[in-house]
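To start, the structure under review is shown below, and the notes come after it.
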Amino acid sequence: MSNIDLHGMGVALITPFKENESVDYEALTRMVDHLVDNGSDYIVTLGTTAETPSLCEEEKKEITQIVVERVGRRIPVVLGVGGNCTRNLIRQLEQTDFKGIDAILSVVPYYNKPSQEGIYQHFKAVSRASPLPVVLYNVPGRTGANMLAKTTLSLAYDCENITAVKEASGLISQMDDIIKNKPAAFQVISGDDGITFPLIALGAVGVISVIGNAFPKEFSRMVRLALEGDYTNARIIHSRFAELFELLFVDGNPAGVKSMLNMMGFIENRLRLPLVPTRITTFEKIREVLRKLNIKVEGRR
């Protein structure tokens with residue numbers, strides 16, 4: 001099994017919907033081209049930002065196929081494959097056709113609130129079943145369970161094909177602990193756009209980005225500059241987007257970035273219930289920030 005290099009900016013791809021909430025596959029194709037042509041280092045499909053829990057199995061398969069075919073091996077594709085029933089997840093890993101997929105992103109089991117030993121045993125089973133490199137995904141704000149640094153490090157040392165972690169705990173000290181004590185080849189990836197710059201300075205290899213959907217060229221440049229040690233110019237770009245980082249999530253993800261993409265003319269401003277678009281006040285704040293950034297805006301809420 002080959003490893004995967006996740007240095008740089010991956011993008012957590014959104015799922016565009018039409019006004020009737022059906023998947024807008026034409027807009028999805030345009031989004032993939034937009035990301036590949038403007039500096040994205042890899043694409044993550046069927047993650048949190050894709051509203052994956054609200055997609056049916058047929059839609060997930062169609063989205064995956066379109067992304068793989070459109071990317072055409074130009075950059076790696078990472079597929080979200082997670083769940084809170086280990087047995088069902090193992091069955092899914094055994095039955096899925098991973099042609100064109102380079103790695104899987106697998107979230108800490110949610111709702112069950114497993115112990116650290118339960119999290120460890122879950123991912124150990126995932127590691128054994130996965131034919132591809134595994135990227136762990138720690139996002140306790142959504143799952144209700146924080147995977148501690150000790151657990152992440154144990155998995156990194158014990159499971160050869162667990163090659164990275166997307167850390168979205170917001171706990172800098174925890175991330176720093178992982179970076180300092182991990183195996184040399186293990187990669188730590190920021191799961192939050194707003195702390196990507198400082199986390200790279202600590203030793204992270206990049207980010208799986210939400211704002212990258214709208215600004216792949218600019219944000220990937222910030223990431224590359226930081227990775228090259230040019231912190232002065234990276235900080236300039238980071239500061240330029242600081243206000244948007246907060247507005248992205250004030251009404252939940254991906255409502256914020258979908259508002260941006262709508263204003264920029266890429267997609268309809270539609271989410272699938274139980275998610276809804278941003279409040280009008282947030283929408284107008286985003287519009288104003290985009291105008292200050294000299295971004296042409298055209299969408300309406």
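Take Ser173, Ser220 and sort them by solvent-accessible surface of the protein heavy atoms, 1.4 Å probe, largest at the top.
Ser173, Ser220
Can you compute the label reach from Ile236? Point 7 Å from Cα along the Cβ direction, backbone N cut-off under 16 Å, restricted to region 209-229.
218-229
What FRET efficiency would be calculated for the residue pair Leu171, Ala125, taking the C-beta separation as r and a Förster radius of 25 Å, to the nearest 0.05?
For R0 = 25 Å, the calculated efficiency reads 0.45.
Which of rounded, prolate, oblate describes region 142-276, given a ≥ b ≥ c as roots of the alpha-carbon gyration tensor eigenvalues and a/c under 1.5 marking rounded, otherwise prolate only if a/b is larger than b/c?
Oblate.
Setting aside same-chain residues fewer than 8 positions from Lys113, which lysines have a Cα under 29 Å from its Cα?
Lys60, Lys61, Lys124, Lys150, Lys166, Lys180, Lys182
Quick one: order Ile172, Ile195, Ile236 from most to least accessible surface, probe 1.4 Å.
The ranking, largest first, comes out as Ile236, Ile172, Ile195.
Quick one: net charge of Ala129's neighbours, Cβ under 12 Å, K/R +1, D/E -1?
+3
Just the number please: accessible area per residue for region 42-122, 1.4 Å probe, all protein chains included, in Å².
50 Å²
Can you tell me the FRET efficiency between Asn3 and Asp97 if r is taken as the Cβ-Cβ distance and R0 is 25 Å, rounded to the nearest 0.05?
According to the calculation, E is roughly 0.70.
What are the aspartates and glutamates whose alpha-carbon lies under 20 Å from the alpha-carbon of Lys285, with same-chain residues fewer than 8 places away excluded?
Output for Lys285: Asp193, Glu243, Glu246, Asp251, Glu268, Glu298.
Which of Ile172, Ser130, Ala201 sits closest to the plus end of the dipole of region 96-206, meaning its Cα is farthest towards the positive end, when Lys and Arg get +1 and Asp and Glu get -1 on the C-beta?
Highest projection toward the positive end goes to Ser130.
What is the dipole size for region 1-43, taken about its Cα centre, with +1 at each Lys and Arg Cβ and -1 at each Asp and Glu Cβ, in debye to the nearest 20?
Dipole magnitude for region 1-43 comes out near 60 debye.
Roughly to the nearest percent, how much of the accessible area of region 86-193 is carbon and sulfur, given a 1.4 Å probe?
47 percent
To the nearest 10 Å², what's Arg91's accessible area with a 1.4 Å probe?
100 Å²
With a 1.4 Å probe and all protein chains in place, put Ser209, Ser169 in order of accessible area, largest first.
Descending order: Ser169, Ser209.
Count charges around Thr96 for me, please; just the other residues with Cβ under 12 Å from its Cβ, Lys/Arg as +1, Asp/Glu as -1.
After counting each charged neighbour, the total is +1.
Is region 70-224 best put as rounded, prolate or oblate by its Cα gyration tensor, with a ≥ b ≥ c the root eigenvalues, rounded for a/c under 1.5, and otherwise prolate when a/b is larger than b/c, oblate when not?
It comes out oblate by the Cα gyration axes.
Just subtract the alpha-carbon distance of Lys113 and Val250 from 0.36 nm times their residue separation and send over the number in nm, one decimal.
That works out to 46.8 nm of additional length.
Taking the dipole about the Cα centre of region 154-301, with the C-beta of Lys and Arg at +1 and of Asp and Glu at -1, give me whichever of Ala255, Gly265, Ala226 is farthest to the positive side.
Gly265
Which shape class applies to region 240-301: rounded if a/c is under 1.5, otherwise prolate when a/b exceeds b/c and oblate if not, where a ≥ b ≥ c are the square roots of the Cα gyration tensor eigenvalues?
Here region 240-301 falls in the oblate category.
Ordered by residue, what ³J(HN,Hα) values in Hz, to whole numbers, does region 192-208 give under the Karplus form 6.51 cos²θ - 1.76 cosθ + 1.60, where θ = phi - 60° and Gly and Pro are x?
For region 192-208, the Karplus-derived couplings read 10, 4, x, 10, 4, 4, x, 5, 5, 4, 7, x, 5, 9, x, 8, 9 Hz, x marking Gly and Pro.
Please give me the summed charge of the neighbours of Lys180: other residues whose Cβ is under 14 Å from its Cβ, Lys and Arg +1, Asp and Glu -1.
Here the count lands on -1.
The values are calculated or read from the model by the stated rules, or taken from the named source; none is laboratory data. Owing to the predicted nature of the structure, the values given are computational and were not obtained by experimental measurement. Every residue, glycine as well, gets a Cβ built from its backbone with ideal geometry; the counts of neighbours run over all protein chains shown. Surface areas here come from the heavy atoms of the whole protein model, side chains and all, with no ligands, DNA or RNA. Shrake-Rupley method; radii C 1.70, N 1.55, O 1.52, S 1.80 Å.
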